[in-house]
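Right, one structure below, let's go through it.
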Amino acid sequence: MVLILSLEPGIGIFRPDDDMFDDLTDLYQQVILDHSRSPRNFHRLENATCTAQGHNPLCGDNYTIYARIEGDIIKDISFQGSGCAISKASASILTDTLKGKTTAEAKALFDKVHDMVTTGKSSNGVGKLAVFAGVHKFPARVKCAILPWHAVVAAVEGRQEPVTTEKEDT
Ligand code: ZN
């Protein structure tokens with residue numbers, strides 16, 4: 001295996017040889033396409049205890065996240081809205097992942113995912129969310145992937161104003 005050390009700022013990672021990298025990318029793209037074509041938890045949650053809106057004006061992604069939180073457990077979570085394949089797949093996998101987790105676990109996962117999509121380094125415990133690691137190579141799409149996460153954190157924290165990636169520093 002040929003390891004290439006990239007010296008570009010912020011991307012200091014080892015890259016496996018090209019064939020393996022392409023295979024991995026194909027697999028990840030399939031997962032993202034599958035979730036964007038048939039998103040999970042894509043409905044309004046009637047008994048939601050909190051909701052938040054997220055808007056990414058650069059791409060036109062617009063979503064509402066619904067969550068039913070009991071104590072500090074996310075009992076149920078869903079979303080509605082429209083946007084590109086990356087943002088929709090992100091919201092779909094996110095809602096699948098966060099069901100049954102605590103609000104503290106959700107925020108910890110946000111930090112890991114944020115780190116991953118901005119640096120490309122996937123850390124332990126991100127599970128299926130690792131499919132978004134490649135997004136870091138496309139800076140314009142980082143906001144698409146992270147938008148539903150900003151909305152979830154806003155919902156969990158009970159913030160009322162809509163989240164926009166215009167104000168957020170990704
Ligand atoms: Zn987008």
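Here 38, 123, 92 are placed in order of increasing Cβ neighbour count within 10 Å, fewest first, which gives 38, 123, 92.
Listed by chain and number, the lysines whose C-alpha is less than 20 Å from the C-alpha of residue 88, apart from same-chain residues fewer than 8 away, are 99, 107, 112, 128, 137, 143.
Looking at the stretch 131-170, which GluC sites (Glu not before Pro) are DSSP coil and have at most 10 other C-beta atoms within 10 Å of their C-beta? Working shown, then result.
Numbers: sites: 157, 166, 168; in loops: 157, 166, 168.
The qualifying sites are 166.
For the stretch 62-105, the residues whose amide N sits under 17 Å from a probe point set 7 Å from the Cα of residue 25 along the beta carbon direction are 86.
Projecting the Cα positions of 116, 73, 132 onto the charge dipole of the stretch 3-157 (unit charges on Cβ atoms of Lys, Arg, Asp and Glu, taken about the Cα centre) puts 73 furthest along the positive direction.
For residue 60, what charge total do you get from the other residues with a beta carbon under 14 Å from its beta carbon, if Lys and Arg give +1 and Asp and Glu give -1? Combined, the nearby Lys, Arg, Asp and Glu give +1. Using all alpha carbons of the stretch 3-157, what is the percent of pairwise distances in each 10 Å bin, ordered from the shortest bin to the longest? Using 10 Å bins, I get a P(r) of 11, 41, 33, 12, 3, 0 for the stretch 3-157.
We did not get these values from a lab; they are worked out from the coordinates using the rules stated. Just so it is clear, the model here is predicted, and its values are computed rather than measured. A quick note on method: Cβ atoms are made from the backbone with ideal geometry, for glycine too, and the neighbour counts reach across all protein chains shown.
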